[in-house]
Every structure is written in C-alpha cells, then in structure tokens.
Amino acid sequence: MTREKPKNLWLSRWGFILAATGSAVGLGNIWKFPYITGEYGGGAFVLMYLACILAIGIPVMMTEIAIGRRGRGSPIDAISRVVKESGGSQLWKAVGGMAMLAGFMILCFYVVVAGWAFAYTVKMLDGSLAATSVEALGGVFEAHNANPWQLGGWSVLVALLTLWIVAKGVQKGIENAVRWMMPGLAVMLLILVGYAFTSGGFSAGFDFLFSFDASKITGEALLAALGHAFFTLSLASGAILTYGSYLPDGQSVARTTFVVAICDTCVALLAGLAIFPIIFANGMSPSAGPGLIFMSLPLAFQQMPFGTAFGVLFFAMVSIAALTSAISMIEATVAYLNEKYGVSRFKAAAASGAVLLVISLLAMLSFNLMSGWTPMGKNFFDWLDYLTSRWMMPLGGIFIVLLAGYSLRSDIMRDELNLPPLAYALWLFMVRYVCPVLIMVVFLHALGWLMFDPVAQWYWIAGAVGLLAVLGELLRPRVVLALAGR
Ligand code: PFF
C-alpha cells in the first residue's frame, strides 16, 4: 500500500520541536503547575508528576506522533488511514474526532485565561495592580471578570491572534511564530529565575519544590499529577497528533518526544523556581490556589525592587506561552476542514473561528451575565474544563494506546518508531498494559467511582497492571480481531 504523501512538512529540523514544545508549554506549566504543586505540598507532588510524564506522557506522545506521521493528516484522517492499512474498523476514527473536539473545547475556555494574562501585562504596566493586599488584588480580578466588555475584549483578541497565525499556514504561520516566540520565552523565563534568585526566598522556594516528604504521597495527589501530565503535554486533544503529521520521515519520533517532554518539564520547574521564591520572600502562602499568579504574585512584585518591570515581563511571558498553545488546539480542526472540504486554511480558520467566538463568549459570560446559569452546579466555563479534562482526555488517551497496542498491524508502529528491540518492547509493554490501567485509575477516580487509601493504591495499581498483562497476552488474538471489527 502506498503511503499518503504529506501536504505540509515542518521546514526546519527544529520546526516540530519548537511547535510541539510551544503547544506543551502553556498556562498548564506557568499558571496551573505552580499552584497545584502548592496545593499538594511541593516535592512529593513534583516527583509523582515526573513519574507520570515518564510512564504515561512519553509513551502516549510517541504513539500520537507516530500515528500522525504515518497517517499524514488531521486526527480523523490519520487514524482512518492507519486503521485502513491494518485492515481495522473505521470506527476508530471517532477517537480522532473526540480528540479534535477536545482541543477545540479546551481552546474555548483557554482564550479566557490567556486573556487574563494579556490583560495583566497591561494592568501591571499602567498601575492598576498597585493594591496593598491580596484581598484588594482579588477585588481587581473580580472587577475585571465582572465587566463583560473588558473580559470579552481580551479573550477575543487572543482568539483573533490565534486564528490569524493558524490561517497563515503550517510553515508561514505556526513555524514562523514559534521560531521567535519560543526562544523569547526561554530568555524571559531565565531572566525571571535570575530575579527570583536575588529575592532572598530562593532557597525556601527550592526546598519547597524539591524536598521530598513521603507523607505527601496520596492517591489524590497522584491522580492530580497524572491528569496534569496529560494536559501539560497536550495529549489526546489532537494537537500533538496533527503536529506529528508534519514531521519529516527521517526524524526520530522517540528523540523528538524526549526533547519536547524534557523542555516542557524544565519550563514547569523553572516557572516554579521563578514564582515560589518571590512568594516566600514576601511571606505569602504557596497554596493560594488558582489565584496564585493573578493575586499573590502581583503584590509580591510590587514589594520588590524593579518589581513592575519584572511583573510586566512575567505576564508577557505567560501570554506568549498561552498563545503558542492556543494555536495548536485549533490546528487539528483547520487541517481537517482543509483536507476534507478542500477549503483554504484561511476559510477553515474563519469558519472555526466563528464557532469559537460564539462558544468562548458563553465561557466569558460565565463570569458575569451568565454566572447564575449553573446546571448541575457548574457554570459554562467549568463545564468545558470538566468535560475535557475529566472525560475526553483520559478516554482519548486510553483509546489511542489501545489502538496502537492492540489493533494496528505491528509493523506500522515498529517502522514509525524505529527503536532498538528492547526499547520497542518497553514502549509496547507501556501502551498495552501500564498506560491503560493507570489512565483508567485516574478516570474512575476522577468520576468518584474509585477510592483508595494512600498505601493500598500501589498494590492495586501493580496488581491491575499484572492482571491485564496476563489477560492481555492470553486474549490478545481475540481482542485484536474484535477491535478490528472482524
Ligand atoms: N499543554 C498546554 C498547557 O500546558 O497549557 C495545554 C494544551 C495545549 C492542552 C494544547 C491541549 C492542547 F491540545
């Protein structure tokens, strides 16, 4: 069977790495990672997070890139082609459809949070954050959200910037943008870490991130770490698979995956090293929750020499990180419309942008005019977050590893991954047994259907992996046939 010819390819060797790192590094690293580390108690959480990146993030990411490159298309088209090549059921396309939808839905609320970062860059500059207490800064944050024009204006700006970059194309739009944004982001981050180093709180911040306290290892924290590993690496949302479809044939999937995962992790840790010292130096609590960077941090900056300048730098960095992630969320949809209906990327971006604006408008209104509309206790913004992170990403993750581990013809992944035999066997073991069980555990627990105490869970997980391995080997031929629809 002849393989699909790529319509688009990254221009330079670094194209994929910069774009995929741009996708991975985002609000998840700079906004969410520090505050959940704060909530779950520091070093122990960091260690669990690293373990999840290694055990799940990396194998799943390799799988997505390999399927994307083999199928050369949007998630739906790429999956359709690889299952066709394997003689499998076209039903698997639904996994691609769900991933694409998840990416789109994440974008609908992500533009709101990204809009906060853009707005705070300006607020830091014009003195609107010159308050004297965290409570007063909380008031500023609430006032910002209560005004639909202000909140909406910033979110729409982020959405338009995102669409404009994506409409310009893979090389001229995305690759050009990440080529200067990513190095810029790295420089800004290093400057901020240097600044934090001089704040007087560096050793407290460092200890908080890296000192290990075994009592903090709880089931709850492990699950938060696992869920975050998915989100931070942009998995099961179409982004990485689509970017992988532009990866030239000669480049190693494993090596690029490791580079992206390492860069993503370093940024999360460096963001922690930039934020916590400043928080500690000003006698604040690391566990302030989602408001950590929007309430505590601006106050801390004000109390420090040159704080305003570094505060502006910080929020500008968050804005860039958010933008390079946002573009990856909509790329799958644009690639799909472009391929399926033959419309130009510009028209595809315009059409998806129209839908994006309507849905994200509802997400913005959840903070003001529609704040009273909370079916089943959640506003629209929370629903988007809940549906994607609790349901769609874990389910998508399970299906993608099952597809690669059980249904695809084995030579397909072997060719694409092109690993030494031992490394290939390890990848296969991870996607067949370890990843599905661990993701299932997060999924069920997140739904509240699975409880366990901190010690028993390890036996539970190890037992489930073992059992699945045995059953998997015994039942494999039948599972393969059933999944292949024969
Ligand atoms: N990885 C991004 C972050 O950490 O902020 C979030 C993300 C990007 C999720 C792209 C999903 C996606 F498709």
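What follows draws every value from the coordinates through simple rules; no lab data is involved. Note that the coordinates shown come from a computational prediction; the quantities given were computed from them, not determined experimentally. Positions of Cβ are generated from backbone atoms using ideal geometry, with glycine treated the same way; all protein chains shown enter the neighbour counts.
Positive-end ranking of VAL113, GLY291, LEU408 along the dipole of the chain, with charges on Cβ about the Cα centre, is headed by LEU408. Taking the longest Cα principal axis of the chain as reference, the axis of helix 148-167 is set at about 40 degrees.
Straight Cα distances below 26 angstrom link LYS168 to the lysines LYS5, LYS7, LYS340, LYS347, with same-chain residues fewer than 8 positions distant left out. Dipole magnitude for the range 199-342: computed about the Cα centre from +1 point charges on Lys and Arg Cβ and -1 point charges on Asp and Glu Cβ, it is near 100 debye. Residue exposure proxy: VAL358, VAL113, VAL122, VAL82, ordered by other Cβ atoms within 10 angstrom of their Cβ from fewest to most, comes out as VAL358, VAL122, VAL113, VAL82.
Report, to the nearest 10°, how far helix 345-365 tilts away from the longest principal axis of the Cα atoms in the chain, using its own Cα long axis and a range of 0 to 90°. Approximately 50 degrees, to the nearest 10. Here is the P(r) of the chain: all C-alpha pair distances, binned every 10 Å from 0, give 4, 20, 31, 27, 14, 4, 0 in whole percents. Across the range 95-106, rounded Karplus estimates of 3J(HN,Hα) from the backbone phi angles (6.51 cos²θ - 1.76 cosθ + 1.60, θ = phi - 60°) give 5, x, x, 5, 4, 4, 5, 4, x, 5, 5, 4 Hz, Gly and Pro being marked x.
Sorting HIS445, HIS228 by the number of Cβ atoms found within 10 Å of their own Cβ, with the fewest placed first, yields HIS445, HIS228. For the range 27-41, the Karplus equation 6.51 cos²θ - 1.76 cosθ + 1.60, evaluated at θ = phi - 60°, returns couplings of 4, x, 7, 9, 9, 7, 4, x, 6, 6, 4, x, 5, 9, x Hz by residue, with Gly and Pro reported as x.
Can you compute log10 of I(q)/I(0) for the range 312-402 with the Debye formula, treating each Cα as one identical point scatterer, at q = 0.22 Å⁻¹? One equal scatterer on each Cα of the range 312-402 leads to -1.16. Each Lys and Arg Cβ is given +1 and each Asp and Glu Cβ -1; about its Cα centre, the chain then shows a dipole of about 1620 debye. Helix content alone sets the calculated 222 nm mean residue ellipticity of the chain: runs of n ≥ 4 DSSP H residues at -39500 (n - 2.57) each, divided across all residues, give -23000 deg cm²/dmol. Taking Cα atoms, how many degrees apart are the long axis of helix 456-483 and the longest axis of the chain, rounded to 10 and kept between 0 and 90? That helix lies at roughly 40 degrees to the long axis.
With coordinates expressed along the principal axes, the C-alpha atoms belonging to the range 151-275 extend over 47, 34, 31 Å, beginning with the largest.
Taking other Cβ atoms within 10 Å as a rough exposure proxy, ASP385, ASP207, ASP264 sort from fewest to most as ASP207, ASP385, ASP264.
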